[in-house]
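Below is one structure, written out as structure tokens, with a few remarks after it.
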């Protein structure tokens with residue numbers, strides 16, 4: 001019986017506490033310093049909310065460009081000075097173009113010939129063309145008849161003379177050089193050595209000069225070296241006697257001469273076959289002229305024109321490579337090439353600092369990176385304060401995140417389209433990215449919401465009381481949060497219900513809202 005009474009007393013106590021909590025939770029006016037009417041309040045109003053993502057970054061400038069020629073040659077003109085401002089496409093340096101211009105003229109001439117031949121093929125044969133082809137055919141037939149009649153005495157004598165000469169050369173190789181011949185070769189070698197030493201001395205006196213490799217002394221040294229090496233080779237060849245290779249070559253010349261004599265004697269001279277082939281070619285050309293141009297002939301003519309055109313394009317490209325131009329507007333901060341200097345493809349010739357707009361490099365955390373995209377506009381603000389320094393847009397978003405304090409952050413680049421004076425590379429700035437529009441929502445300070453088990457709540461003021469209302473929270477924007485639903489237009493809520501006394505009275509747990517819905 002006593003146990004039953006004890007349980008009944010416990011049950012009544014629980015009910016009483018529940019009633020008290022309910023009364024305090026829903027009916028008791030929330031105490032505010034000076035009264036609820038004096039607490040900061042907000043009237044709810046839904047409207048389109050701009051989505052903004054804020055991050056801190058640093059102003060950067062473009063890197064300097066290293067420029068080089070695309071062709072080799074001697075620098076003929078230096079058209080700018082260091083620290084000069086140049087426009088995009090402006091010439092900075094120019095190589096000697098004489099050889100490239102000659103190549104271009106030849107290519108254009110070849111194109112003109114190909115086009116003329118193509119026009120002839122398309123036009124067909126004229127009476128003059130047929131007459132010329134007839135004359136060529138008659139000449140070919142006459143040559144064939146003359147060759148087919150057999151070798152002349154003069155041709156046979158020439159073949160015998162070639163054979164005797166080959167045999168004599170072979171005999172002299174076997175015999176080897178005489179003493180007088182060796183002395184002459186020694187004297188030639190000595191003269192070449194003296195000339196080489198003199199040229200080397202002239203070159204060494206001025207070799208320290210920049211670009212001296214293209215001087216007359218360098219050319220003279222090169223020629224003297226070639227002459228000496230040739231004289232040395234001749235002397236060594238004579239003093240060593242005939243090598244097996246030379247003897248084999250001499251025997252081959254004898255065999256060739258004997259074969260020609262045999263061919264003349266037997267009437268099987270290769271000239272007979274060549275003359276017959278020439279007759280066949282001229283007859284085919286005559287037949288082709290008498291017919292309309294075939295598709296094959298037209299295609300060949302067009303291919304020749306195309307090949308010649310490609311030659312002109314390539315020659316023009318090579319000529320253009322002789323000129324170094326600025327790819328963008330900027331300032332020339334260095335020149336490595338001087339007039340008369342030999343330039344090589346890829347070798348540094350000039351350094352250009354572009355005058356491109358500045359950019360801001362920043363990192364955006366993994367929660368916000370999905371809200372931004374290339375092309376979003378951005379406001380660049382002072383690191384401290386609300387002064388807008390420039391406007392720009394996102395031009396690049398990195399794919400590989402960087403870990404900062406345990407959070408993934410993605411690199412983003414904002415190029416400035418307009419800027420105020422005083423914006424300098426290296427400055428720390430605050431960037432507000434305009435990432436679109438959320439639609440109808442309420443933008444509130446973070447302090448306006450409280451977390452209670454189950455979600456976020458606002459304190460709506462009704463009949464002098466502050467009652468908790470569950471709200472749906474959208475994305476955080478800067479230091480604010482967005483409310484998508486739960487309150488209505490015209491509702492009044494407390495702007496800062498964060499006093500400890502109110503939270504304790506209403507039974508709420510936790511603190512101030514930290515951002516999006518949880």
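Every read-out reported here was derived from the displayed coordinates using simple, explicitly stated rules and does not represent laboratory data. Predicted model only: the values in this text are computed from it and were never measured. Cβ: placed from backbone, ideal geometry, glycine included. Neighbour counts: every protein chain shown.
What length, rounded to one decimal in nm, is gained on full extension from residue 134 through to residue 98, with 0.36 nm per residue of separation minus their alpha-carbon distance? Kindly include the intermediate steps, with their values, before the conclusion.
Working: separation 36, 0.36 × 36 = 12.96 nm, distance 4.41 nm.
Result for the pair: 8.5 nm of gain on full extension.
Would you list 117, 43 from fewest to most Cβ contacts within 10 Å?
43, 117
Tell me, 399, 494 in order of fewest to most beta-carbon neighbours within 10 Å?
Ranked by crowding around the Cβ, least crowded first: 399, 494.
What are the semi-axes of the equivalent ellipsoid for the stretch 443-502, taken as the square roots of 5 times the Cα gyration tensor eigenvalues, largest first, in whole Å? Walk me through the intermediate numbers first.
Working: eigenvalues 61, 36, 25 Å².
Equivalent ellipsoid of the stretch 443-502: 17, 13, 11 Å, largest first.
If each residue of separation counts as 0.36 nm, what is the full-extension length gain between residue 146 and residue 116 once their alpha-carbon separation is subtracted?
7.2 nm
Calculate, for residue 287 and residue 309, the FRET efficiency according to 1/(1 + (r/R0)^6) with r their C-beta to C-beta distance and R0 25 Å; round to the nearest 0.05.
Efficiency, rounded to the nearest 0.05: 0.25.
List 206, 69 from most exposed to least, where exposure is judged by having the fewest other Cβ atoms within 10 Å.
With the sparsest Cβ surroundings first, the list reads 206, 69.
Hey, how much of the P(r) for the stretch 73-147 falls beyond 18 Å, as a percent of Cα pairs?
Every Cα pair in the stretch 73-147 considered, those over 18 Å come to 71 percent.
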